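*Asks:* Here it is, the structure in full.
The values are calculated or read from the model by the stated rules, or taken from the named source; none is laboratory data. Just so it is clear, the model here is predicted, and its values are computed rather than measured. With ideal geometry, Cβ positions are generated from the backbone for all residues, glycine too; neighbour counts draw on all protein chains shown.
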Amino acid sequence: MSKARRIGAVCLCSLLVAFFAFGEAAGAPNLYENAISTARSEIWKAINGGKCGSATAAIMVEGKVVYAEGFGMANREKSVPVDQATLFNIGSISKVHAATAIMLLVDDGKVSLDKPVTDYLPEFRMADDRYRKITVRMLLNHGSGIPGTEGANSFGFRYDDGVKQDTIQTLARAHLKHAPGAMTVYCNDGFTLAEMIVERVSGGKYIDFLKERIFQPLGLDNTGMGVGEIRGKPVALYYDAKTGKVHPPETLSILGAGGLSSTAEELCRFADAFSAESKLLKEASLAEMKKEQPSAFRGKLRNPTISFGLGWDFTGFPRYDAAGVQVLGKSGGTGNYSSMVYTVPEKRISVAVIASGAESGAMKIALDMLDEVLIGKKLIAKEEKAVRMPPEAQKLPQDHVSFGGYYAGDTKLGQVVFDADQNSVTLYIFKEREKTPAVKLIYNNGYYHDAEGSRFYFTDIGQEGYLVTCPSMDKIDMIMMQKAKPIAKPKSLKIDMDGKVWLRRNVSPDEAVMAADSHVAKSWLYGDLPGYVVFGGVKRIDSPEFAGMPFDAVRDQTELTLFEKNGATWAWVSDMLYSPARSAVALKAGENSVKIGSDGHNEWLVVEEGAVLHFTKPYRGRIIVFSSDDVATYDSALDTGDAHAAPGSYIEFAGFADDLFTVQAKLPTAKEKK
C-alpha cells in the first residue's frame with residue numbers, strides 16, 4: 001500500500017470512529033457530544049501550546065467504546081498520524097495492573113495482603129528494622145514508608161531486568177521515612193517489590209503473568225511492554241517541544257511501577273474490569289480494590305485527602321461521592337508521556353487520555369470529559385462556575401510567624417518568609433545559592449491565597465510542620481512541602497560539601513535522556529540551616545559519613561553515604577553513585593582514548609580549553625557533553641556529528657566493560673584565541 005493510501009486509510013478510520021461516536025450522541029442528544037468536544041478542544045489546546053506533541057482519548061460506556069480518537073502525529077518524519085490503535089506509555093497507571101496481579105494471587109490463595117513482604121521475598125531487607133512490618137497491602141497503598149524510587153537506569157531505551165536486583169541492593173542500605181502504615185506517601189519501589197512477589201509466587205515472568213491472567217481475558221491485544229520494546233505496531237514517538245528532536249522510544253524497566261504501554265481504548269477496557277459484571281477478580285477482591293486504604297494519618301488535615309486504594313490514586317471524590325457516584329482514578333507520568341484513566345464501576349463508564357509530553361494536562365482533560373458524560377447521563381448536576389471576588393488581605397495572625405523557615409518538597413528546597421509590614425507571605429525556591437519568589441500569598445479567613453485562586457494553609461501535626469495546598473480539584477488537601485526542623489546539635493560531614501561538583505558513575509548507555517540532569521550534581525550547605533546538606537534533595541546530617549531523610553511526608557527522598565575509593569571520597573545518593581569532579585581527566589589536544597573498566601562505570605573528561613570534538617564510539621556507547629552550568633549540549637542518543645565543548649565542560653562516556661571510545665579534540669589556534 002502506498003504512503004498516501006496508508007494515510008488515507010488512517011484518516012478514514014478516524015472519521016469512522018468519530019461518526020460512530022456521534023452516532024451514539026445522535027440517538028441521545030448531547031449525551032457524549034460535550035465530552036467529545038471537550039476532549040478535542042482541550043487536547044488541541046495542549047498540543048498547540050507545546051504541552052504535548054500528540055494524544056489519544058476514549059470513552060467507554062456499558063462495555064462499548066462510544067468514542068476513540070487520536071491527535072497529532074505519531075511519527076513526524078514519516079507523517080504518520082495518531083489513531084485509536086497507536087501505543088503510548090501509560091506510566092503509573094501500570095500500578096493498577098500490578099495491584100490486580102497481586103489480587104489474582106490472593107484469589108488463588110497464594111498471597112495474603114496482610115502478611116509481611118519478607119514472607120514472599122526473604123532477600124528483602126533494609127537498614128531500618130521496622131521494614132519487617134511492611135505488608136503486601138502497604139506496597140500497594142503507598143503506606144510502606146519506603147523512600148521512593150529506584151531512579152538509576154530504570155527509565156531508558158531498553159528493558160533491563162536487573163533493575164529489580166538493583167532495587168533490592170539499594171533498599172538494603174536504606175531507612176524508612178515513616179513507620180509502616182503511618183502515612184500514605186507515593187512510592188514507586190513498593191510496586192517493584194510487588195512485581196517481584198508476582199514472579200516469585202507464580203514462578204514465571206511478570207509480563208507473562210499479566211498476559212495470561214489480565215491482557216488475554218480482557219482482550220487487551222495492544223497492552224504490554226513500553227513502546228521502546230514494541231515491534232510491528234504503531235507507537236507515538238516523543239519530540240522535545242523546545243528542540244523538536246525525537247527521542248529514542250522510551251522503555252521503563254520498572255514494569256510494576258510504571259512500565260506498560262497501551263491505548264486509550266484499552267485503558268478504558270481495563271478500567272471496565274472493575275465493574276460488578278467483570279469476572280476477572282472474585283467479588284471480595286474486587287470490593288477490596290475499590291475501597292479506600294487509609295493510613296493512621298487520615299483525618300489529620302482540614303479537608304479530605306487523596307483516597308489511595310490498591311494501585312488507584314483515587315477511590316472517590318467528595319463532589320461525586322455526594323451524588324452517590326464512586327469514581328476510581330489513576331494518573332501516569334514518565335519522562336516522555338502522561339496519562340489518566342477514570343472509571344465509574346457501578347455505571348460502567350470509563351474515560352482515558354494519554355499524551356506524548358509530561359505536562360499535557362491529561363488528568364484535568366479526562367476529568368472534564370468524565371464530568372460531561374456524567375452530566376449528560378444526569379448522574380451529577382452541572383456546576384455553574386461562579387465568578388468570585390479575589391479575597392481581601394487580612395492581617396497576618398501573630399502566631400503564624402512561627403511557620404516561617406526552610407521547607408522541602410521532592411528535590412526542592414524552599415523558604416517561607418512572613419512580612420508583617422507588607423502583610424504577605426512569600427515562598428521562595430532555591431536554585432543553588434539563588435532564591436526566587438515562587439508564590440506570594442495573602443491571608444483571608446483561615447487560608448492563604450495566591451493570585452491564581454489556589455488556597456494554602458500551614459499546620460503543625462505532632463512534631464512536624466507542613467504547608468498544605470488545597471487545589472481547586474474537588475477540595476482535596478495535599479501536603480505540598482514539609483518544614484525542616486532546627487537541629488539543636490547540628491553535625492557535619494567529614495568533607496566540605498559546599499559548592500562541590502560531583503559526576504555520576506553508574507550511568508547505563510541506555511538511560512533516558514531526561515535522567516541526564518542527575519549526571520552532574522552539586523552539593524550545598526546553607527549557613528542558616530545548620531546540620532543539613534542539599535545533594536539530590538535535602539538531607540539531615542547524622543554522622544560524618546551519612547545524611548538521612550528528614551521528612552515523613554516528602555516522596556522520592558534519598559540518603560547520602562560517603563566512602564573512600566581510589567584515594568578520593570565518593571558518594572552514594574541512594575541508588576546513584578558519584579565521584580568528585582576533580583577526579584576527571586583533562587582533555588588534551590589530538591586523540592584521547594577512554595576505556596570503560598571492568599566495573600562498567602562510566603568515565604569523564606574535563607575540558608580546560610574550548611574545543612571541537614570528533615567522536616568514535618562503540619555501537620551502544622553513549623557520549624554526553626555538559627556545559628559548565630550542567631546543561632547537556634550534546635547527546636549521542638539525540639545528536640550526530642561533531643560537537644563543540646566550551647571551557648569548563650565535562651564529557652561523559654557510558655558503555656559496557658572494555659568498551660573503547662576515542663575523541664579527537666581540535667583546540668583553538670593562537671589566532672582564534674585572539
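*Asks:* Do you know which of the residues in the stretch 280-300 that are more than 19 Å from ASN141 (Cα to Cα) and touching a residue at least 12 places away in the same chain (Cβ under 8 Å) is surrounded by the fewest Cβ atoms within 10 Å (Cβ to Cβ)?
*Replies:* At the first step, the residues of the stretch 280-300 found to be more than 19 Å from ASN141 (Cα to Cα) are 280, 282-283.
So of that shortlist, the ones also touching a residue at least 12 places away in the same chain (Cβ under 8 Å) come out as 280, 282.
Details: LEU280: 19, LYS282: 14.
Once the filter is applied, the top-ranked residue is LYS282.
*Asks:* Just to be sure I understand, how many residues within the stretch 642-658 are under 21 Å from VAL513 (Cα atoms), surrounded by fewer than 22 Cβ atoms within 10 Å (Cβ to Cβ) and within 32 Å of the chain's Cα centre (by Cα)?
*Replies:* So the count comes out to 2.
*Asks:* Another question about this same structure. State all residues of the stretch 93-113 that are surrounded by fewer than 24 Cβ atoms within 10 Å (Cβ to Cβ), under 27 Å from the mean Cα position of the chain (by Cα) and not in a helix (DSSP H, G or I); if no residue qualifies, say none.
*Replies:* LEU113
*Asks:* So which pairs qualify, if the first residue must be in the stretch 209-226 and within 17 Å of ALA264 (Cα to Cα), the second must be of a type in the set (Lys, Arg) and in a loop (DSSP other than H, G, I, E, B), the Cβ gap must be under 7 Å, and the two must be at least 6 apart or on different chains?
*Replies:* ASN222/LYS233
*Asks:* Which residue, of THR251, THR184, THR192, is crowded, with 17+ Cβ neighbours inside 10 Å, in the same structural domain as GLY143 (by TED's automatic domain parsing) and touching a His at 6+ places or on another chain (Cβ under 7 Å)?
*Replies:* Values: THR251 fails: touching a His at 6+ places or on another chain (Cβ under 7 Å); THR192 fails: touching a His at 6+ places or on another chain (Cβ under 7 Å).
So the residue among THR251, THR184, THR192 that is crowded, with 17+ Cβ neighbours inside 10 Å, in the same structural domain as GLY143 (by TED's automatic domain parsing) and touching a His at 6+ places or on another chain (Cβ under 7 Å) is THR184.
*Asks:* Please tell me if ILE43 is modelled with pLDDT of 95 or more and of a type in the set (A, V, I, L, M). So that I can check it myself, show each step before the final result.
*Replies:* Numbers: modelled with pLDDT of 95 or more: yes; of a type in the set (A, V, I, L, M): yes.
For ILE43, the condition - modelled with pLDDT of 95 or more and of a type in the set (A, V, I, L, M) - is met.
*Asks:* Quick one: which helices (runs of 4 or more DSSP H) sit completely within the stretch 250-313 and have at least 2 residues that are in contact with a strand residue (DSSP E or B) (Cβ under 6 Å, 6 or more places away or on another chain)?
*Replies:* Details: elements: 255-258, 264-271, 283-289.
Output list reads 264-271.
Matching residues to (1) surrounded by fewer than 22 Cβ atoms within 10 Å (Cβ to Cβ); (2) touching a residue at least 60 places away in the same chain (Cβ under 8 Å):
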{"residue": "LEU493", "(1), (2)": "no, yes"}
{"residue": "MET497", "(1), (2)": "no, no"}
{"residue": "SER508", "(1), (2)": "no, yes"}
{"residue": "ALA512", "(1), (2)": "no, yes"}
{"residue": "ALA515", "(1), (2)": "yes, yes"}
{"residue": "VAL520", "(1), (2)": "no, yes"}
{"residue": "SER523", "(1), (2)": "no, no"}
{"residue": "TYR526", "(1), (2)": "yes, yes"}
{"residue": "GLY531", "(1), (2)": "yes, no"}
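*Asks:* Now a separate question. Working only within the stretch 195-212, note down all residues that are β-branched (Val, Ile, Thr) and surrounded by fewer than 22 Cβ atoms within 10 Å (Cβ to Cβ).
*Replies:* Here is the first cut: in the stretch 195-212, the ones β-branched (Val, Ile, Thr) are 197-198, 201, 207.
Once the filter is applied, which keeps residues that are β-branched (Val, Ile, Thr) and surrounded by fewer than 22 Cβ atoms within 10 Å (Cβ to Cβ), the stretch 195-212 yields VAL201, ILE207.
*Asks:* Just name the residue that is nearest to ALA241 (Cα to Cα) out of those in the stretch 43-63 that are polar (S, T, N, Q) and touching a strand residue (DSSP E or B) at 6+ places or on another chain (Cβ under 9 Å).
*Replies:* Looking at residues that are polar (S, T, N, Q) and touching a strand residue (DSSP E or B) at 6+ places or on another chain (Cβ under 9 Å), I get SER54.
*Asks:* A further question on this structure: Of (1) free of Cβ contacts under 8 Å to residues at least 24 places away in the same chain; (2) under 25 Å from LEU171 (Cα atoms); (3) of a type outside the set (Lys, Arg), PRO471 satisfies all except one. Which?
*Replies:* Result: PRO471 passes all but (2).
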